[in-house]
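Below is one structure; the comments refer to it alone.
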Amino acid sequence: MNAVPPKGNLGDEAQTGISEQDIKVCPWRLTQRIAFVHAVTAGQSVQEYEPTGKAALEVKNLYRWVLKQLK
């Protein structure tokens, strides 16, 4: 899921609703983070903009999960 609010349970509710449709849901979420906004504005990825930040870690975890699904 993308742009999940960092607080509250909206992400959990969405994941539950999707799971109830027998759709596999990635366990990693991309949260609404200002680093995504700043990175796009600078023409960069979050890994370039803030390599050790939370947004970069979320993308890294998502990438690794997708690779495992493809193998």
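None of the figures in this text is laboratory data; all of them are computed from the coordinates on show. Computed from a predicted structure; not experimentally measured. Counting neighbours? That spans all protein chains shown, and the Cβs are built from the backbone with ideal geometry, glycine included.
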**Request:** Report, by residue number, each residue of the range 10-28 that is over 17 Å from the mean Cα position of the chain (by Cα) and of a type outside the set (Gly, Ala, Ser).
**Result:** Glu20, Gln21, Asp22, Ile23
**Item:** the range 1-43, residues that are within 19 Å of Lys54 (Cα to Cα), touching a residue at least 24 places away in the same chain (Cβ under 8 Å) and assigned to a loop (DSSP other than H, G, I, E, B)
**Value:** Met1, Pro5, Pro6, Cys26, Pro27, Trp28, Arg29, Gln32, Arg33
